[in-house]
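The values are calculated or read from the model by the stated rules, or taken from the named source; none is laboratory data. No experiment lies behind these values; they were computed from the predicted model shown. Please note: Cβ atoms are built from the backbone with ideal geometry, for glycine as well, and neighbour counts cover all protein chains shown.
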Amino acid sequence: MDKKLLKICNLESKVEEEKILNGINLEVNKGELHIIMGPNGAGKSTLANVLMGHPEHKITNGDIEFEGENINQLAVDKRAKKGIFLSFQYPQEIPGVTVENFLRTAKTAVSGEQQSIFDFKFLLEEKMNLLNIDQSYADRYLNKGFSGGEKKKNEILQMAVLEPKLAILDETDSGLDVDATKTVAEGIKKVASEDNAMIIITHHNKILDYLKPDYVHVLVDGRIAKSGNMELAEEIEREGFAKYKKEVLDESNSKSNC
Amino acid sequence: MNDKTEVNDIDRSLHEEKNVEKHRYQSAKGLTPEVIKEISREKDEPEWMLKFRLKALKIYKNKEVPTWGADISDLDMDNIITYVRPDADLQSDWDQVPEEIKDTFDALGIPEAEKESLAGVGAQYDSEVVYHNLKEEMVEQGVIYMDMENAVKQHEDLVKQHFMKLITPNDHKFSALHGAVWSGGSFVYVPAGVDVNIPLQSYFRQNAPGSGQFEHTLIILEEGANAHFIEGCSAPKYSVNNLHAGAVELFINKGAKLRYSTIENWSRNMYNLNTKRALVEEDGVIEWVSGSFGSKVSMLYPMSILKGARARAEFTGVTFAAEGQYLDTGAQVIHDAPDTTSTVNSRSIAKDGGHAYYRGLLKATKNAHGAKASVSCESLMLDNESKSDTLPIMKLQTDDIDVGHEAKVGRISEEAVFYLMSRGISEEEAKAMIVRGFVEPIASELPLEYAVELNNLINLELEGTIG
C-alpha cells in the first residue's frame, strides 16, 4: 500500500501583500507523527491554514500534493472530504448549532454516507467515552461558552469522529494546563494509527512529554530551517530558535529541490 | 476559497415582468364613493358598515403618504383603484403565475387546490369542507370562528363594538384605505374560560376577491380564554395586485391568553403595509410569533398595548431580506399599567443587497410603575452588499421601570464559514447552518411544524431549493 500522503514543494504564500511562507518543503507518510516548532510569527499557523485552504491565504508558488494529487486550487470542504483535518488554535463559536448536529452533518459530508440519528449517537457516545468527554457536550452549542481546554478537546473529538487521513493540529497544547495537555495528548494517541498521519504545530514542547514524534521540524521565517528527531526538540528546549534564524539567512539563496 | 459556490437566491425575473405588465391594465379612475358603495352592496352589508367605509374613504383622501421608513413611491397612489379592483383576466390565469412560485409550492408540499387558491387563480378554496370537523369541535365550546364578511352580518353587535376600534382609519393613510375597502379575513370569538386547544388558522382569507390584500382579522378573547391563531402559511402568496394593507385587531380580556403566529411570505412584488394591534387587559397575555420573508417592501410593527395590571406581551420575530427587498419591521409595546411585562426578541437576516431594518418602540406611561421590559434585536448580514439597521426607540415616562436592552448588528464571520467548511461542509450549507443557529433561539420557541417551515424557508432563501 502506498504510504505517501502529503508532499509540499517550495510552497510560498501571502496574505494581502505580505509574504509569509517562503519555500516550504515537507513530506508526510501514513503512520507518521510530525512536530513543527518555531517562534511566534514564523508562519506555523499560516502553513496549517494554507494546507486547509483558508481563503485569505494565496499560494504564490509551489505545490501541495495530497495522495499524489495537486490540491492547490481545491476548495476547503473538498480538502476535508479527501481526508485533511485542521484542529484550530482558536476554534470558532457557532451559537445555535449543537455539537451533535454539527458533527453528524460533517460526518455525512466527509464520509459521503447519510448518518442515521440513532447510529450516529452511538458513534459519538463511543468517541466521547474514548476521550473522557461528558456526554452532555453533545447537546451544547458548538464551542459556545467552552473553556480553552474544552475547545481543544472538542477539536480532538471532531478528529476522532471524522477519522481524517491527515490531521494538522495547530497549537493544540497552547493555553492548556498540565492535566488538559495530558488529556489532549492521550486523545491524539488514541486516534493515531498506521493509516493516518499527524502534524502537530507547537511553539513549546510541553506536549512532547506525552507524544513521541517521528520527525521534528523547525520553522523559522516561513521556511523549514532544520529537520530532525526528538533530539532536535530537546536542543530547541535548551537553546531556543535564535541560531536557526541565522541559518535561514545563510541558506536563503539555495532552493532545495523536491 | 477556490471553487467558490454562490448562494443563489430564487430567480425573481418573472416577477419583474409581471410588474411591467400590470401597468397596461391601469384604470385612470380614482377611488370614489361609488366604488365603495359597490363593494358594500356586493357584500350585502349593514348600513353602518357602508357609512364606516365612506368615512374612512374621506380620511384616506386627506391623509398624506408616510415619508419615513420604506420608499413606497412606486405605489401608484393616484390610481389606487387598480389595487382595489384588479383586472379579472389577470387574476384567473394559472399560466401567468411565475414558475418560481409554483416551484415553491411544490417544495413546501402545498396541496394542488390550495396552490391555485394561493396564487389567486383558483376557484374558491373550499375551506368549509376541509376544516369542517375542526370547526364543529369549537362550536361545541361556544367558539365563533368564521370569515369576516359573515361575522358582520351574523354577529353584528360584537363586530360593531370592536371593529376598527383598536386600529382606526385616523391612524395612517393605509389604515384609512383598509377601513374603506377591507374585504375578507377571519373573526374569532372565544367565550370566557374556554381553552381552544387546537390552533385556529386563517383559512377564510381566500373566500372573497381581494381578500388576501385588505383582509381584516378580529379576535376577541373573553375573560380567562385561551387560543392560538395562525395567520397565513409559509407559501408565498402571489397576487398581481401588489399592495397589501390588512389589519389585525386582538382584544385580550382579563386573564386571557392569545398566541398569534404569522409567517408572512408575500411574493416579491408586494408592498406589505400591514397593521396589527393587541389590547391586553389585566393579567392577560399576548404572544406574537412573526416571520417576515417575502414582499418587496414591508412595514410591519405589531403593537401590544398593556392596558391592565400585570398584562404581559412577548414578541418573537424573524425577518429575512434578500435581493431587492426592504423589510422594515419591529415590535411596539406600550406599558400603560402597573407591573406589566414585555419581552421582545428579534432576529433579522440580510443577504444579496437586501435591507433589514428593525424599528421598535418601547413606551411606558406614568401608570407603568413596576413594569419590566426587555428588548433584544440582533441582525446578521451575509455579505457586504446587504444592509441592516436597528432603531429601538424608548419613551419612558416613569423611572419605576426595569428595562433591559440589547442590540447587535453583525456580518457573517468568514472564519466561522471556514471552520465549518474545514469539516467537509459546503459553503452553502455552512452559511445555512450559521443562519439556522442564529435564529435557533426563536425556532426553539415555535411549535414543531412551524419550526420546520421556518427551516424550510431559510433553506429556500439560502439555496434556492430544498435539499
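Is the range A:138-151 home to any residue that is among the hydroxyl-bearing types (Ser, Thr, Tyr) and more than 13 Å from the chain's Cα centre (by Cα)? Yes, there is a match, as at least one residue in the range A:138-151 is among the hydroxyl-bearing types (Ser, Thr, Tyr) and more than 13 Å from the chain's Cα centre (by Cα).
Looking only at residues of the range B:45-60 that are of a type in the set (D, E, K, R) and in contact (Cβ under 8 Å) with a residue 24 or more places away in the chain, we find that the one that is farthest from B:Asn150 (Cα to Cα) is B:Lys55.
Tell me whether the range A:131-142 contains one or more residues that are on the phi < 0 side of the Ramachandran plot, facing chain B (nearest Cβ under 10 Å) and surrounded by 15 or more Cβ atoms within 10 Å (Cβ to Cβ). Scanning the range A:131-142, I find at least one residue that is on the phi < 0 side of the Ramachandran plot, facing chain B (nearest Cβ under 10 Å) and surrounded by 15 or more Cβ atoms within 10 Å (Cβ to Cβ), so the answer is yes. Where helices (runs of 4 or more DSSP H) fall entirely within the range B:148-200, those with at least 2 residues that are over 26 Å from B:Lys63 (Cα atoms) are at B:148-154, B:156-162. The residues of the range A:76-101 that are more than 7 Å from every other protein chain (Cβ to nearest Cβ), in a helix (DSSP H, G or I) and either surrounded by fewer than 22 Cβ atoms within 10 Å (Cβ to Cβ) or acidic (Asp, Glu) (or both), listed by number, are A:Lys82, A:Glu100, A:Asn101.
Does the range A:100-112 contain at least one residue that is in contact with a strand residue (DSSP E or B) (Cβ under 7 Å, 6 or more places away or on another chain) and at pLDDT 95 or above? Talk me through it step by step, then tell me what you get.
Going residue by residue through the range A:100-112, those that are in contact with a strand residue (DSSP E or B) (Cβ under 7 Å, 6 or more places away or on another chain) are A:102.
Narrowing the set further to residues that are at pLDDT 95 or above leaves A:102.
Within the range A:100-112, one or more residues are in contact with a strand residue (DSSP E or B) (Cβ under 7 Å, 6 or more places away or on another chain) and at pLDDT 95 or above.
No other residue among B:Pro66, B:Pro33 is modelled with pLDDT of 55 or more and under 20 Å from B:Met270 (Cβ atoms) apart from B:Pro66. As a summary of the residue check, B:Tyr83 satisfies the conditions (1) closer than 19 Å to B:His244 by Cα; (2) among the aromatic types (Phe, Trp, Tyr); (3) modelled with pLDDT of 75 or more except for the one numbered (3).
Any residue that is among the hydroxyl-bearing types (Ser, Thr, Tyr) and in a loop (DSSP other than H, G, I, E, B) - is there at least one of those in the range B:241-262? Spell out how you get there, then give the answer.
Filtering the range B:241-262 down to residues among the hydroxyl-bearing types (Ser, Thr, Tyr) leaves B:260-262.
Next, only the ones that are in a loop (DSSP other than H, G, I, E, B) stay: none.
No, because not a single residue in the range B:241-262 is among the hydroxyl-bearing types (Ser, Thr, Tyr) and in a loop (DSSP other than H, G, I, E, B).
The lone criterion from (1) modelled with pLDDT of 95 or more; (2) within 18 Å of B:Ser261 (Cα to Cα) left unmet by B:Val318 is number (1). Considering the range A:5-43, the residues that are more than 21 Å from A:Asp214 (Cα to Cα) and basic (Lys, Arg) include one that is surrounded by the fewest Cβ atoms within 10 Å (Cβ to Cβ), namely A:Lys19. Within the range A:144-160, is there a residue that is assigned to a helix (DSSP H, G or I), without any contact (Cβ under 8 Å) to a residue 60 or more places away in the chain and β-branched (Val, Ile, Thr)? The answer is no, given that none of the residues of the range A:144-160 is assigned to a helix (DSSP H, G or I), without any contact (Cβ under 8 Å) to a residue 60 or more places away in the chain and β-branched (Val, Ile, Thr).
All conditions but one from (1) over 21 Å from B:Phe293 (Cβ atoms); (2) at the interface with chain A (Cβ under 9 Å from one of its Cβ atoms) apply to B:Pro392; the one that does not is (2).
Quick check on B:Leu448: is it surrounded by fewer than 16 Cβ atoms within 10 Å (Cβ to Cβ), closer than 27 Å to B:Glu287 by Cα and either more than 14 Å from chain A (Cβ to nearest Cβ) or of a type in the set (Ser, Thr, Tyr) (or both)? Write out each step before concluding.
On the way: surrounded by fewer than 16 Cβ atoms within 10 Å (Cβ to Cβ): yes; closer than 27 Å to B:Glu287 by Cα: yes; either more than 14 Å from chain A (Cβ to nearest Cβ) or of a type in the set (Ser, Thr, Tyr) (or both): yes.
So B:Leu448 fits the description; yes.
Among the residues of the range A:170-181, is there at least one that is within 14 Å of another protein chain (Cβ to nearest Cβ) and either surrounded by 16 or more Cβ atoms within 10 Å (Cβ to Cβ) or over 29 Å from A:His34 (Cα atoms) (or both)? Yes, there is a match, as at least one residue in the range A:170-181 is within 14 Å of another protein chain (Cβ to nearest Cβ) and either surrounded by 16 or more Cβ atoms within 10 Å (Cβ to Cβ) or over 29 Å from A:His34 (Cα atoms) (or both).
Report whether or not A:His34 is within 14 Å of chain B (Cβ to nearest Cβ) and either closer than 30 Å to A:Lys243 by Cβ or over 16 Å from the mean Cα position of the chain (by Cα) (or both). Working first, answer last.
Working: within 14 Å of chain B (Cβ to nearest Cβ): no; either closer than 30 Å to A:Lys243 by Cβ or over 16 Å from the mean Cα position of the chain (by Cα) (or both): yes.
Answer is no for this residue.
Of note, B:Asp402 satisfies the criterion of being part of a strand (DSSP E or B), away from chain A (no Cβ under 14 Å) and among the acidic types (Asp, Glu).
Hey, any hits in the range A:40-58 for a residue that's more than 14 Å from A:Ile201 (Cβ to Cβ) and polar (S, T, N, Q)? Checked the range A:40-58: no residue is more than 14 Å from A:Ile201 (Cβ to Cβ) and polar (S, T, N, Q).
Looking at the range A:206-236, which of its residues are of a type in the set (A, V, I, L, M, F, W, C) and farther than 17 Å from A:Leu21 by Cα? Across the range A:206-236, the qualifying residues are A:Ile207, A:Leu208, A:Leu211, A:Val216, A:Met230, A:Leu232, A:Ala233, A:Ile236.
Out of all the residues in the range A:222-258, which are of a type in the set (Lys, Arg), closer than 25 Å to A:Asn61 by Cα and at pLDDT below 90?
A:Lys245, A:Lys246, A:Lys255
Listed by first and then second residue, the pairs linking a residue in the range A:46-58 that is facing chain B (nearest Cβ under 10 Å) to a residue that is crowded, with 22+ Cβ neighbours inside 10 Å and in a helix (DSSP H, G or I), with Cβ atoms under 7 Å apart and 6 or more places separating them unless they lie on different chains, are A:Met52/A:Val76; A:Met52/A:Arg79; A:Gly53/A:Val76; A:Gly53/A:Arg79; A:His54/B:Phe418; A:Pro55/B:Phe418.
Do we have any residue at all in the range A:168-179 that's on the phi < 0 side of the Ramachandran plot, part of a helix (DSSP H, G or I) and over 11 Å from the mean Cα position of the chain (by Cα)? For the range A:168-179, residues on the phi < 0 side of the Ramachandran plot, part of a helix (DSSP H, G or I) and over 11 Å from the mean Cα position of the chain (by Cα): present.
Which residue is surrounded by the fewest Cβ atoms within 10 Å (Cβ to Cβ), if the candidates are limited to the range B:416-445 and must be in a helix (DSSP H, G or I), among the small types (Gly, Ala, Ser) and within 7 Å of chain A (Cβ to nearest Cβ)? The qualifying residue surrounded by the fewest Cβ atoms within 10 Å (Cβ to Cβ) is B:Ala416. With respect to B:Gly291, is the statement that it is in contact (Cβ under 8 Å) with a residue 24 or more places away in the chain, within 22 Å of the chain's Cα centre (by Cα) and in a loop (DSSP other than H, G, I, E, B) true? No: the conditions fail for B:Gly291. Residues that are within 12 Å of chain A (Cβ to nearest Cβ) and of a type outside the set (Lys, Arg) were ranked within the range B:405-415; the one that is surrounded by the most Cβ atoms within 10 Å (Cβ to Cβ) is B:Ile412. Among what's in the range A:191-209 and is at pLDDT 90 or above and in a loop (DSSP other than H, G, I, E, B), pick the residue that is nearest to A:Lys153 (Cα to Cα). Ranking the candidates gives A:Ala192 first. Among the numbered conditions (1) farther than 29 Å from A:Lys14 by Cα; (2) surrounded by fewer than 18 Cβ atoms within 10 Å (Cβ to Cβ); (3) modelled with pLDDT of 95 or more, the only one that A:Leu157 does not meet is (2).
Would it be correct to say that A:Lys121 is touching a residue at least 12 places away in the same chain (Cβ under 8 Å), within 13 Å of another protein chain (Cβ to nearest Cβ) and part of a helix (DSSP H, G or I)? Criteria not met by A:Lys121. For the range B:148-157, a residue qualifies if it is of a type in the set (A, V, I, L, M, F, W, C) and either in contact with a Phe, Trp or Tyr (Cβ under 6 Å, 6 or more places away or on another chain) or free of Cβ contacts under 8 Å to residues at least 40 places away in the same chain (or both), and the qualifying residues are B:Met148, B:Ala151.
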